[in-house]
Amino acid sequence: MDAAKLLKHMAWANQEILGLVSESPDEALDAYSVNPEWTVREIARHIASSATWYGYRLLDRSNFTESQNQEWQAKLEESETPPATMKEMKVILDRLKAADAELLNAATLPEGVVIREFEGKTITRARSTVISQAIHHATEHRAQLVSALEAKGFTKINLDDFDLWAYSTTIGE
């Protein structure tokens, strides 16, 4: 499996789909399909925030300076802010672009383990598991986002236009 190709596809699909979302009227941000807590606004924030967190988890933070720690904490906190209007989707797109680049960079490093403390437990995962989860997570939520839009009558995005076939055609494979 070529993780770099999958990450590049993910980054492309994220930018293309959320870019199209940003062309919708502001009321599209409040669209949801089943659960009113999962609006387009929340899903867009969640995709970008999660990508930022996955990238952070993959970093070797053992030698971080205080300044680097503060910089990352600010990034992580900022990533939790949802867009208030479609104009603010540019902020989400920029955060996502940076986070997706961080994930692509992390995929060039050798396999190893990522250790995380969560709810009093130590969780150990292979780096490739975290990277694979990041890819699948974004795919799942892009589909959820388009479904939310469609449920409220915003039907201009066809997910088939952003699958791996379409990506391969676009980049000239």
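Of the set (1) open to solvent by less than 90 Å² (accessible area, probe 1.4 Å); (2) touching a strand residue (DSSP E or B) at 6+ places or on another chain (Cβ under 8 Å), all apply to GLU102 but (2).
Do we find that ARG95 is basic (Lys, Arg), in contact with a strand residue (DSSP E or B) (Cβ under 9 Å, 6 or more places away or on another chain) and either open to solvent by less than 80 Å² (accessible area, probe 1.4 Å) or part of a strand (DSSP E or B) (or both) in this structure? Criteria not met by ARG95.
For region 85-104, a residue qualifies if it is farther than 10 Å from SER22 by Cβ and of a type in the set (D, E, K, R), and the qualifying residues are ASP94, ARG95, LYS97, ASP100, GLU102. Here THR108, THR122, THR170 are screened, and the one residue that is in a helix (DSSP H, G or I), of a type in the set (Val, Ile, Thr) and open to solvent by 70 Å² or more (accessible area, probe 1.4 Å) is THR170.
Table: residues versus (1) in contact (Cβ under 8 Å) with a residue 40 or more places away in the chain; (2) within 13 Å of the chain's Cα centre (by Cα).
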| position | (1), (2) |
| --- | --- |
| GLN73 | no, no |
| SER79 | no, yes |
| LEU96 | yes, yes |
| THR108 | yes, no |
| VAL114 | yes, no |
| GLU117 | no, no |
| THR124 | no, no |
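Of everything in region 10-53 that is in a helix (DSSP H, G or I) and among the charged types (D, E, K, R), the residue that is nearest to ARG127 (Cα to Cα) is ARG45. Among the residues of region 54-79, those identified as open to solvent by 80 Å² or more (accessible area, probe 1.4 Å) and assigned to a loop (DSSP other than H, G, I, E, B) are ASP60, ARG61, SER62, ASN63. Would you please name the residue that is nearest to LEU103 (Cα to Cα), looking only at residues in region 136-156 that are hydrophobic (A, V, I, L, M, F, W, C) and surrounded by fewer than 18 Cβ atoms within 10 Å (Cβ to Cβ)? Step by step, filter region 136-156, then rank; the result is ALA143.
For region 65-84, a residue qualifies if it is of a type in the set (D, E, K, R) and over 27 Å from ALA31 (Cα atoms), and the qualifying residues are GLU66, GLU71.
The values are calculated or read from the model by the stated rules, or taken from the named source; none is laboratory data. These figures come from a predicted structure and were not determined experimentally. All Cβ positions, even for glycine, are placed from backbone atoms using ideal geometry, and neighbour counts span all protein chains on display. SASA here: full protein model, heavy atoms, side chains in, ligands and nucleic acids out. Shrake-Rupley method; radii C 1.70, N 1.55, O 1.52, S 1.80 Å.
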